[in-house]
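Encoded as C-alpha cells, the structure appears first; notes follow it.
The values are calculated or read from the model by the stated rules, or taken from the named source; none is laboratory data. Fair warning: this is a prediction, and the values are worked out from it, not measured in the lab. Glycine also receives a Cβ, built like all others from the backbone with ideal geometry; neighbour counts cover every protein chain displayed.
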Amino acid sequence: MSKPAPKYLKLTAESVTVTLTKPTEMNGIKVDTITLRAPTVRDMRISSQTSDGDDEQRELNLFASLAEVGVKDLEGLTYKDYNRVSTGYTFLVREDEL
C-alpha cells in the first residue's frame with residue numbers, strides 16, 4: 001500500500017502543485033506554490049544531456065523545465081521547500097497501484 005501524499009501537495013495525473021513554506025520569487029513574481037507538469041521522455045533526456053554527469057544539476061534542470069522557471073529560482077528556495085518540490089516530483093512519477 002502506498003503512502004498518501006502530504007497535505008502540501010495537490011496531485012493530478014498531469015501535474016503536482018507544491019505549497020511552499022514561505023513566498024519566493026519565480027520568474028520575477030512572488031509565489032507561494034510551484035506546479036510541476038508530468039515529465040516526458042524528452043524532458044528526462046534533455047536534463048541528462050545538459051548536466052555533464054552531475055546528478056544534482058540534472059535534477060535542477062529537470063525541475064526547472066517542468067515548473068517553467070529558471071534554475072537560479074530553484075536554487076533560491078529554502079532547502080525545506082526544495083525538498084517539498086522533490087517529494088512532489090516523486091509522487092507525480094510514482095507508479096499507481098492497480
Task: Which numbered condition residue 90 misses (of (1) touching a helix residue (DSSP H, G or I) at 6+ places or on another chain (Cβ under 6 Å); (2) assigned to a helix (DSSP H, G or I); (3) of a type in the set (Val, Ile, Thr)) - done: (1)
- [ ] State whether the residues of the stretch 29-47 include one that is surrounded by 11 or more Cβ atoms within 10 Å (Cβ to Cβ), touching a residue at least 12 places away in the same chain (Cβ under 8 Å), of a type in the set (A, V, I, L, M, F, W, C) and part of a loop (DSSP other than H, G, I, E, B).
- [x] yes
Task: Which numbered condition residue 68 fails, given (1) out of contact with any Leu (no Cβ under 6 Å at 6 or more places or on another chain); (2) surrounded by 16 or more Cβ atoms within 10 Å (Cβ to Cβ) - done: (2)
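Starting from residues that are part of a loop (DSSP other than H, G, I, E, B) and over 12 Å from the mean Cα position of the chain (by Cα), keep the ones in the stretch 51-69 and report whichever is modelled with the highest pLDDT. Reasoning before the result, please.
Going through the stretch 51-69, the residues part of a loop (DSSP other than H, G, I, E, B) turn out to be 51-54, 68-69.
If we keep only those that are over 12 Å from the mean Cα position of the chain (by Cα) too, we end up with 51-54.
Values: 51: 88, 52: 89, 53: 89, 54: 92.
Within the stretch 51-69, the match that is modelled with the highest pLDDT is 54.
Would you be able to tell me the number of residues in the stretch 11-28 that are free of Cβ contacts under 8 Å to residues at least 12 places away in the same chain and part of a strand (DSSP E or B)? Spell out how you get there, then give the answer.
Going residue by residue through the stretch 11-28, those that are free of Cβ contacts under 8 Å to residues at least 12 places away in the same chain are 12, 23, 28.
Then keep just the ones that are part of a strand (DSSP E or B); that gives 23.
Matching residues across the stretch 11-28 total 1.
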